[in-house]
Amino acid sequence: MPGFDKKKVLIADDDSILRELLKGILRTAGHIVVGEASNGEQAIAMVEKTSPDVLCLDIHMPKMDGMQCLEALKASMPQLTIIMISGEATLPVVQEALSKGAGGFIVKPFNAAKVLDTIQRVCAKQVA
């Protein structure tokens, strides 16, 4: 893929099957999966430990949900690229995520093309 940039990606979702699916999509495309988290608290700790380029963050997770995690990470690391993932893609939910600093939104169920396109598009906006 011309202009393709490998990204270090952290996946945060409480569904282990979805994490495996995302990991496969990302690795097949040449991205580096630096870690996985199953809740927002783990995601914050993993971001601090692994310094990813991109965090794929589910909205509905136990302990600390994705919106709370998004707010906390954007307050301390505003440059971090965060892409929200959810099966709940109502306009208010998407608008809330974007207003809190998410760079993009992936709706479940998704396919590889949608995931990779979103990562490429959001990261291109960060550079521009």
Q: Using amide H atoms built 1.01 Å from N in the peptide plane, name the residues 5+ places from Val33, or on other chains, whose amide H lies under 5 Å from its own.
A: Val9
**Q.** For the chain, size of Cβ-based charge dipole, Lys and Arg +1, Asp and Glu -1, in debye
**A.** 460
Q: State the answer as a single residue: which of Ile25, Ala45, Leu98 lies farthest towards the positive end of the charge dipole of the chain, with beta carbon charges of +1 for Lys and Arg and -1 for Asp and Glu, about the Cα centre.
A: Ile25
Q: Between Met77, Met46, Met61, find the one with the highest GNM mean-square fluctuation for the chain; connect C-alpha pairs within less than 10 Å.
A: Met77
Q.
Need one number: convex hull volume per residue for the stretch 33-94, Cα atoms only, in Å³.
A. 83
Q) Per residue of the chain, what 222 nm ellipticity follows from adding -39500 (n - 2.57) for every DSSP H run with n ≥ 4, rounded to the nearest 500? A) -14500 deg cm²/dmol
Q: State, to one decimal in nm, how far the label point of Ser51 lies from the label point of Lys74, with both points 7 Å from Cα in the Cβ direction.
A: 2.4
Q) Are any of the pairs Lys7/Lys108; Lys100/Lys125; Lys49/Lys114; Lys6/Lys49 more than 24 Å apart by Cα-Cα distance, and if so, which? A) Lys49/Lys114
Q) What label, among (i) 13.4, 38; (ii) 13.1, 40; (iii) 15.6, 56, belongs to Rg and Dmax of the Cα atoms in Å computed from the structure on display? A) (ii)
**Q.** the chain: most fluctuating residue of Ile11, Ile32, Ile85 per GNM, C-alpha cutoff 10 Å
**A.** Ile32
**Q.** Protection proxy ranking of 53-60, 37-44, 116-123 - average other beta-carbon atoms within 10 Å, highest first
**A.** 53-60, 37-44, 116-123
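The numbers here are math on the coordinates, done by the rules we state, and not lab data. This is a predicted model, so every value here is computed, not measured. With ideal geometry, Cβ positions are generated from the backbone for all residues, glycine too; neighbour counts draw on all protein chains shown.
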